[in-house]
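The values are calculated or read from the model by the stated rules, or taken from the named source; none is laboratory data. The structure presented is a predicted model; accordingly, all values stated were derived computationally and were not measured. Backbone-built Cβ (ideal geometry, glycine too); neighbour counts: all protein chains shown.
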Amino acid sequence: MAAVRSQVAPLWAALVLCTAMSSEALAQKKYDSGASDTEIKIGNIMPYSGPASAYAAIGKTEEAYFNKVNAEGGINGRKIKFISYDDGYSPPKTVEQARKLVESDNVLLIFGSLGTSTNGAIRKYMNEKKVPQLFVASGASKWNDPKQYPWTMGWQPSYVSEARIYAKYIMKEKPDAKIGVLYQNDDFGKDYLKGLKEGLGPKTSMIVLEEAYDSSEPTIDERVVKLKASGADVFISITSPKFAAQGIKKAAEINWHPMQIISNVSASVSGVLEPAGIEISQGILSATYTKDGSDPQWNGDDGMKKFYNFLAQYQPKADKLDAGVVFGYAAAQTMVKVLQMCGDDLTRENVMKQAASLKDFAPDTLLPGIKINTAPDDFAPIEQLQMMRFKGKRWELFGDIISSEMSQ
Amino acid sequence: MSAAEEVVAEGHEAVEAVPKRAMTLGTGTSLVVLAALLIVPMFVKNFIIFQMTMLLIYGLAVLALNILTGGSGQFSLGQSAFYAVGAYTSAVLMEHANINYALTIPISAAVCFAFGYLFGKPALRLSGVYLALATFALATAMPQLLKLNFLEHWTGGVQGLVVTKPDAPFGLPMSQDMWLYYFTLIVTVAIYIFSVNLLRSRSGRAFMAIRDNEIAASSMGVNVALYKTLAFGVSAGITGVAGSLGAIAVQFVAPDSYTITLAISLFLGMVVGGVGWLPGSFIGAAFIIFVPNMAESISKGLSGAVFGVLLFLVIYLVPHGARQVAILGQQLVGKLRKN
């Protein structure tokens with residue numbers, strides 16, 4: 001026995017030495033599952049079918065953008081494998097698809113999954129598994145909660161941020177305004193209202209009437225009449241597209257001409273303002289953070305030139321008018337930026353660390369001056385918007401880029 | 001006889017002769033399937049276990065609909081509403097009242113039974129497509145009811161509720177997924193046995209008598225009103241249990257999870273599995289879980305169309321669903337044995 005043992009001992013020593021050396025050699029390259037020398041696997045969940053399938057353009061654009069990155073050599077020599085599944089906007093299906101991505105496809109992270117309740121369904125799972133749930137495509141403010149959910153991060157300006165910007169604008173332009181608010185009675189409407197009140201701060205009393213409606217109501221006409229009767233001279237309409245159009249129409253019908261603000265959600269020209277009436281929509285205010293793909297003022301813009309070239313080469317069928325295309329392009333660009341910053345340390349922990357240290361990053365399709373900044377205690381990448389006014393047949397940007405941060 | 005009633009009436013010529021066999025699998029086959037369900041999870045990934053759990057849960061919900069439609073001949077497109085009530089009952093009790101998950105399941109069953117029974121009362125006056133429409137209304141209303149303001153404190157409104165997944169008890173060396181699978185399996189087997197016995201019992205024969213001919217049934221002394229509402233209640237109760245288990249497995253409830261799409265999926269599962277054939281419920285559940293995924297892998301943009309084509313093929317080739325395949329298989333085996 002002793003002889004055998006003494007023969008085995010050098011072997012063990014050699015083995016230990018070998019592993020020590022190889023781990024030293026790997027020290028600069030660190031991987032979690034989903035990343036290797038040649039590939040980075042990114043998961044994604046989109047409503048390609050079901051009630052929200054209009055947003056599918058975002059996922060398709062992101063895929064096309066990653067194809068472009070791969071064609072140009074990938075990220076530090078690694079190709080991106082983008083695995084995108086359909087959840088039909090149904091939370092239980094989102095859970096199934098997220099688990100499939102994490103446990104079966106072994107992705108490094110899930111990027112840009114769409115929807116508030118769908119992402120809410122997988123947030124706990126992702127944080128328990130410690131898999132990054134990056135750049136969630138939803139405007140709810142709850143994605144910015146690094147203390148409780150250190151593996152989840154939003155991307156677009158939250159509804160709270162947008163509402164704060166309206167509050168800032170009103171206080172500056174119309175300090176003695178009487179504000180009437182019409183809001184949808186759900187998380188979207190309530191987030192806005194919260195942001196508006198935070199923005200107004202001590203001057204919350206400027207709001208003379210808060211009128212809630214339910215998305216199941218057929219019409220909001222009565223509520224608009226009530227708002228007029230309250231004597232408000234600023235009408236903030238926190239509504240989904242159908243109701244935004246109704247609100248604009250009704251206000252004109254009863255000859256009420258307050259300063260009107262509609263949410264970015266409903267700022268579509270063809271979806272809201274045209275059906276309501278171009279004439280009566282003149283002068284309506286809103287805010288945005290992306291360049292409008294159909295606006296000729298960006299034809300000479302370097303970023304948009306790159307964007308149009310990308311569309312022509314990689315996604316010729318995309319509709320330039322679709323805001324989802326501009327959105328998907330900028331979100332995918334942010335993702336690529338984070339992966340570039342990770343270098344050869346492609347662990348999930350480092351991905352979150354790099355995502356939380358973006359400094360003044362400006363994707364091509366965001367408005368000039370809007371920059372993405374994150375920090376370990378700030379998981380809200382985009383917090384700036386610019387006001388815009390409807391004039392003629394399109395939105396006209398005006399004023400400076402406004403930050404929603406309270407200190408400024 | 002409406003087209004819908006024909007689907008139910010066709011193909012159970014055998015029911016009257018040997019009701020037991022027409023409704024279930026043979027003992028041998030059942031044991032083999034059970035053994036497979038017990039052993040497979042030990043060798044697969046957690047994700048597959050999760051999918052198998054969902055299969056059992058949807059299977060239960062389809063089974064419940066099968067009792068209602070295949071058993072008593074009534075239609076329902078409102079199963080998603082009962083499923084939602086069950087899911088929310090468990091979620092609210094677990095998260096707000098800190099009640100053990102296992103205890104919430106009988107509570108859900110009782111709540112849903114009562115709900116279904118009460119809904120069945122006025123629905124008694126309706127039959128065929130009209131009943132289907134009334135239940136359809138229930139399914140459409142449910143997600144909005146769950147968003148109501150005065151319920152928001154408990155239901156979490158649009159945001160929904162996050163449910164904590166239970167650990168395996170008594171320090172069993174099992175992952176949460178595996179424990180939940182076996183827990184679901186126990187509940188499923190218990191309900192399956194209960195359902196088989198129910199349909200074989202006096203009540204079950206009353207259900208079927210009503211399904212085949214209501215007037216004949218009542219002239220034989222069957223209390224039509226009682227048994228019709230009872231079928232509704234039992235079906236809702238089982239669906240509620242499925243909903244509870246679903247909430248625990250998915251760890252999340254939100255109004256968007258329980259739309260009319262779910263009700264239609266369950267209906268589809270029943271037709272694919274074979275109306276009135278209980279084991280078919282689980283095959284139907286497999287269809288509604290896995291076929292959309294297959295369709296998606298064939299074409300992302302056209303997944304709905306691919307699913308439609310597959311569904312069309314099933315209905316065209318085997319109109320009585322999995323049951324027809326099973327009968328064909330049985331005949332084939334019989335022939336082989338003779339040779």
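Considered as a group, the residues in segment B:218-233 that are under 17 Å from the mean Cα position of the chain (by Cα) and surrounded by fewer than 24 Cβ atoms within 10 Å (Cβ to Cβ) include one that is farthest from B:Ile99 (Cα to Cα), and that residue is B:Leu230. Evaluation of B:Ile327 against the conditions (1) away from chain A (no Cβ under 14 Å); (2) of a type in the set (Val, Ile, Thr); (3) in contact (Cβ under 8 Å) with a residue 12 or more places away in the chain shows that the sole unmet condition is (3). Identify, from the list A:Asn67, A:Asn119, the residue that is in contact (Cβ under 8 Å) with a residue 12 or more places away in the chain, surrounded by fewer than 24 Cβ atoms within 10 Å (Cβ to Cβ) and either within 20 Å of B:Phe252 (Cβ to Cβ) or more than 14 Å from chain B (Cβ to nearest Cβ) (or both). Only one candidate qualifies: A:Asn67. Residues in segment A:356-398 that are within 19 Å of A:Met259 (Cβ to Cβ) and touching a Phe, Trp or Tyr at 6+ places or on another chain (Cβ under 8 Å): A:Leu385, A:Gln386, A:Met387, A:Met388, A:Arg389, A:Glu396. Sort out which residues of segment B:144-174 are part of a loop (DSSP other than H, G, I, E, B), surrounded by fewer than 19 Cβ atoms within 10 Å (Cβ to Cβ) and within 11 Å of chain A (Cβ to nearest Cβ), and write them in order of number. B:Leu148, B:Thr164, B:Lys165, listed by residue number. Only one entry in A:Gln156, A:Gln97, A:Gln133 is under 26 Å from A:Glu198 (Cα atoms) and at pLDDT 90 or above, namely A:Gln156. Restricted to segment A:338-360, and to residues there that are buried (at least 17 other Cβ atoms within 10 Å of the Cβ) and free of Cβ contacts under 8 Å to residues at least 60 places away in the same chain, the residue that is nearest to the chain's Cα centre (by Cα) is A:Leu358. Criterion applied to B:Ser72, B:Ser108 was being crowded, with 24+ Cβ neighbours inside 10 Å, at pLDDT below 90 and of a type in the set (Gly, Ala, Ser), and the one residue passing it is B:Ser72. For segment A:235-260, a residue qualifies if it is surrounded by fewer than 22 Cβ atoms within 10 Å (Cβ to Cβ) and either of a type in the set (Val, Ile, Thr) or part of a loop (DSSP other than H, G, I, E, B) (or both), and the qualifying residues are A:Ser240, A:Ile254, A:Asn255, A:Trp256, A:His257, A:Pro258. Evaluating B:Leu172 against the criteria (1) in contact with a Leu (Cβ under 9 Å, 6 or more places away or on another chain); (2) free of Cβ contacts under 8 Å to residues at least 12 places away in the same chain leaves one unmet condition, (1). Once segment A:379-408 is narrowed to residues that are within 15 Å of the chain's Cα centre (by Cα) and not hydrophobic (A, V, I, L, M, F, W, C), the residue that is nearest to A:Gly293 (Cα to Cα) is A:Gln384.
Restricting attention to segment A:41-62 and to residues that are over 16 Å from the mean Cα position of the chain (by Cα) and at pLDDT below 95, the residue that is surrounded by the most Cβ atoms within 10 Å (Cβ to Cβ) turns out to be A:Ser49. Mind counting the residues in segment B:234-261 that are surrounded by 24 or more Cβ atoms within 10 Å (Cβ to Cβ) and polar (S, T, N, Q)? Total satisfying the criteria: 4.
Does B:Ile238 meet the test of being under 21 Å from the mean Cα position of the chain (by Cα), within 14 Å of another protein chain (Cβ to nearest Cβ) and either at pLDDT below 90 or in a helix (DSSP H, G or I) (or both)? For B:Ile238, the condition - under 21 Å from the mean Cα position of the chain (by Cα), within 14 Å of another protein chain (Cβ to nearest Cβ) and either at pLDDT below 90 or in a helix (DSSP H, G or I) (or both) - is not met.
When B:Gly246 is tested against (1) more than 12 Å from chain A (Cβ to nearest Cβ); (2) at pLDDT 90 or above; (3) under 23 Å from A:Ser49 (Cα atoms), only condition (1) is not met. One residue stands out among those in segment A:79-116 that are farther than 20 Å from A:Tyr55 by Cβ and facing another protein chain (nearest Cβ under 10 Å): the one that is surrounded by the fewest Cβ atoms within 10 Å (Cβ to Cβ), which is A:Ser104.
I need a count of the residues in segment B:57-72 that are within 14 Å of chain A (Cβ to nearest Cβ) and either closer than 27 Å to A:Val102 by Cα or of a type in the set (Ser, Thr, Tyr) (or both). The qualifying residues number 2. Inspect segment A:137-144 for any residue being surrounded by 23 or more Cβ atoms within 10 Å (Cβ to Cβ) and more than 14 Å from chain B (Cβ to nearest Cβ) and give the result as yes or no. The answer is yes; a qualifying residue exists. Restricting to segment A:37-64, and then to whatever is assigned to a strand (DSSP E or B) and of a type in the set (Val, Ile, Thr), can you tell me which residue is nearest to the other protein chains (Cβ to nearest Cβ)? Per the criteria, the residue is A:Ile45.
Take segment A:100-116 and flag every residue that is assigned to a helix (DSSP H, G or I) and not charged (D, E, K, R).
A:Leu101, A:Val102, A:Ser104, A:Thr116
With the checklist (1) in a loop (DSSP other than H, G, I, E, B); (2) crowded, with 24+ Cβ neighbours inside 10 Å in hand, flag the one item A:Glu162 doesn't pass. So A:Glu162 meets the others, but not (1). Can A:Leu227 be described as touching a Lys or Arg at 6+ places or on another chain (Cβ under 9 Å), surrounded by 16 or more Cβ atoms within 10 Å (Cβ to Cβ), part of a helix (DSSP H, G or I) and not polar (S, T, N, Q)? So A:Leu227 fails the test.
The residues in segment A:117-150 that are more than 15 Å from B:Thr164 (Cβ to Cβ) and assigned to a loop (DSSP other than H, G, I, E, B) can be counted, and the count is 12.
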